[in-house]
Amino acid sequence: MEAIQICEGIYWVGALDWNTRSFHGYSTPRGTSYNAYLILDERNVLIDSVKSPFLEEMMSRVRSVIDPEGIDLIVSNHAEGDHASGLPATQRITGAEILTSKKGVEALRLNYGEMRTKEVSDGEELCIGKRYLRFLETPMLHWPESMFTYAVEDQVLFSMDAFGQHLCSSKRFDDQVDMCTVMEEAAAYYANIVLPFSNQVKKAYEKVKDLPLRTIATSHGILWRSHIQDIVGAYVRWAGGEVEERVLVVYDTMWGSTRKMAEAIGEGVRSQGVPVLVLCLSATERSVVMREVLRSRAVAVGSCTLNNGMFPTVADVTSYMRGLRPKGRKAAVFGSYGWGGGASKAIRENLEAAGLELSYPDLELRYAPTKEGLDKCIALGVEMAKSIKS
Ligand code: FEO
């Protein structure tokens, strides 16, 4: 396999994972890539490794440029397994020392065993010959040890997970692929991985906003060179909690009553000229839901009651939301029940813990909705739409 030059002396030597469909619970219908980079200079540097089953692919790309034993240093920007589980073998093959943040030294040892590592500090610069590498710590973006590496003369930011997308492509750059697809996957990545760390995104932005950037070399998916302002601007908006005037309705249903309620709420929203998306959770992955939550100013979550609680798919998504904390959005709760109820209370608890603002009275209907019941659902949709219009 061949390395791909991204600028003079710097090569992409990563691996393409065409067929992975789940990334710790986040569905990846377009696969992903594990991006590693090789910098040729007086001291040759490998930026990150790959997930261990893909080590040979990375090494073959390295070999298309130099003998792996010619690598002098390895930079580990992030210790998570998709970039670092290949590190022990990479070090055995290359004999190179691993440079990483202080917390990276610990994370690598605890995850993968003893390796020869050297700590680098925030802002430190290392001369590797004709160029300098600058290390920029970005703690909790999204692990404690995370850092960026900036190739000063080349103006390349190796941005680790930030700005990445789970997207496998034979192309490497943003101007070679469909931007709608890339931005959709970048949004999904932000919503499912980065969202709880939005304050850390703001801090990282302060560190890089004045750097001249020719390329953002991400650890997943497409590299940015022609649309840098688009992705950086999107991160600033997402981190700032900017949303669109639109409503998301998600639900699950046992015998169709909650579905009728969801569709009536959607109809009420639509009647006010506000875009709405109505998704049944039996047919929608949790990571798609989060992508849509990211852009929506209000979310309605509905469930039939099953055994005094939520339907399992609703429990799954709302507990996932608790972890990702999409705060600042308005939320409504609805659902149908037969005798005791219980789903709405459980949904409410999860949404409150997720930081959503429960801005409307819960709407519960007993058994199949009547015309009067559906009118109440339409009225809720109207109220949601009006409350988010500026
Ligand atoms: Fe791509 Fe946090 O690993």
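The values are calculated or read from the model by the stated rules, or taken from the named source; none is laboratory data. Keep in mind it's a predicted model, so treat the numbers as computed, not measured. Methodologically, a virtual Cβ is constructed for each residue, glycine included, from the backbone with ideal geometry; neighbour enumeration extends over all protein chains shown.
Just to be sure before I move on: is Glu153 acidic (Asp, Glu) and within 16 Å of the ligand (Cβ to nearest atom) in the structure I sent?
Taking the combined requirement at face value, the residue does not satisfy it.
With the condition kept exactly as written, say whether any residue in region 237-249 is at pLDDT 95 or above and over 30 Å from Tyr205 (Cα atoms). Looking for residues that are at pLDDT 95 or above and over 30 Å from Tyr205 (Cα atoms), one finds at least one in region 237-249, hence yes. Does at least one position in region 196-211 carry a residue that is part of a helix (DSSP H, G or I), touching a Pro at 6+ places or on another chain (Cβ under 7 Å) and either assigned by TED's automatic domain parsing to the domain that holds Met310 or crowded, with 20+ Cβ neighbours inside 10 Å (or both)? Within region 196-211 (the criterion being part of a helix (DSSP H, G or I), touching a Pro at 6+ places or on another chain (Cβ under 7 Å) and either assigned by TED's automatic domain parsing to the domain that holds Met310 or crowded, with 20+ Cβ neighbours inside 10 Å (or both)), the answer is no, since none of the residues qualifies. Within region 244-264, residues that are crowded, with 21+ Cβ neighbours inside 10 Å have Cβ atoms under 7 Å from residues that are of a type in the set (Lys, Arg) in these pairs: Tyr251/Arg259; Thr253/Arg259, counting only partners at least 6 apart in sequence or on another chain. In region 254-268 there is at least one residue that is in contact with a Gly (Cβ under 8 Å, 6 or more places away or on another chain), β-branched (Val, Ile, Thr) and closer than 22 Å to Glu349 by Cβ. Figure legend. Inter-residue proximity from region 87-103: first residues closer than 13 Å to Glu56 by Cα, second residues part of a loop (DSSP other than H, G, I, E, B) and small (Gly, Ala, Ser), beta-carbon distance below 6 Å, spacing 6+ or different chains. Indicated pairs: Leu87/Ser49; Thr90/Ser49.
Residue-by-condition table, conditions (1) within 12 Å of the ligand (Cβ to nearest atom); (2) buried (at least 16 other Cβ atoms within 10 Å of the Cβ); (3) assigned to a loop (DSSP other than H, G, I, E, B):
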{"position": "His78", "(1), (2), (3)": "yes, yes, yes"}
{"position": "Asp122", "(1), (2), (3)": "no, no, yes"}
{"position": "Lys171", "(1), (2), (3)": "no, no, yes"}
{"position": "Cys180", "(1), (2), (3)": "no, no, no"}
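Hey, among the residues in region 289-313 that are among the hydrophobic types (A, V, I, L, M, F, W, C) and not in a strand (DSSP E or B), which one's farthest from the chain's Cα centre (by Cα)? Full working, then the answer.
First, pick out the residues of region 289-313 that are among the hydrophobic types (A, V, I, L, M, F, W, C): 289-290, 293-294, 298-301, 304, 306, 310-311.
Those left that are additionally not in a strand (DSSP E or B): 289-290, 293-294, 304, 311.
On the way: Val289: 13, Met290: 10, Val293: 13, Leu294: 11, Cys304: 30, Phe311: 26 Å.
The residue in question is Cys304.
So, in region 30-43, of the ones that are in a loop (DSSP other than H, G, I, E, B) and without any contact (Cβ under 8 Å) to a residue 60 or more places away in the chain, which residue ends up nearest to the ligand (Cβ to nearest atom)? Per the stated criteria, the residue is Ala36. State whether the residues of region 52-75 include one that is within 18 Å of Gly104 (Cα to Cα), part of a loop (DSSP other than H, G, I, E, B), within 16 Å of the ligand (Cβ to nearest atom) and out of contact with any Lys or Arg (no Cβ under 8 Å at 6 or more places or on another chain). No, there is no match, as no residue in region 52-75 is within 18 Å of Gly104 (Cα to Cα), part of a loop (DSSP other than H, G, I, E, B), within 16 Å of the ligand (Cβ to nearest atom) and out of contact with any Lys or Arg (no Cβ under 8 Å at 6 or more places or on another chain). Within region 160-181, residues that are among the basic types (Lys, Arg) sit with their Cβ atoms under 7 Å from residues that are within 16 Å of the ligand (Cβ to nearest atom), at 6+ positions apart or across chains, in these pairs: Arg172/Trp12; Arg172/Ile222; Arg172/Leu223. In region 124-159, the qualifying residues are those that are touching a helix residue (DSSP H, G or I) at 6+ places or on another chain (Cβ under 7 Å) and without any contact (Cβ under 8 Å) to a residue 60 or more places away in the chain, and the one that is surrounded by the fewest Cβ atoms within 10 Å (Cβ to Cβ) is Pro144.
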